[in-house]
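The values are calculated or read from the model by the stated rules, or taken from the named source; none is laboratory data. Here the structure is a predicted model, which means the values were calculated and not measured. Cβ placement follows ideal geometry from the backbone for every residue including glycine, while neighbour counts extend to all protein chains displayed. SASA here: full protein model, heavy atoms, side chains in, ligands and nucleic acids out. Shrake-Rupley method; radii C 1.70, N 1.55, O 1.52, S 1.80 Å.
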Amino acid sequence: VYAQCLAEAIAPVAAGATVVELGAGSGALAADLLAALAAVDALPARYRILDTSADLRERQRALLETRLPALSPRIDWIDAPPSEPWR
């Protein structure tokens, strides 16, 4: 439900943008949010996850590749906040 509400709030600006999630935990929010954004044709061009834990990154990657394999090329992991403007 949280991801659906968040998707509704950011859909007007998400399409074609870069979305950055800080500390994605299991990756469940990322998966739910991307699915909800896809349902309203508002997918971001890039979905970046800032997480410093190698273990969590692998868990996130596994979950996202299982649930949303077609969106894998849009998702990447970063070690620091991006230097370019982001929302």
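Tabulated values for the structure
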item	result
Whole-number percent relative contact order across the chain, with pairs defined as alpha carbons under 8 Å at least 6 apart	34 percent
Two-decimal ratio, the stretch 16-63, of alpha-carbon radius of gyration to 2.2 N^0.38 Å	1.13
Per-pair calculated FRET efficiency, R0 = 22 Å: residue 58 and residue 18 via Cβ, rounded to 0.05	0.45
Computed lengthening from residue 9 to residue 79, 0.36 nm per intervening residue step minus Cα-Cα distance	22.6 nm
Per residue solvent-accessible surface (Å²) - the chain, probe of 1.4 Å	56 Å²
Alpha carbon Rg of the chain, scaled by the compact-globule rule 2.2 N^0.38 Å	1.00
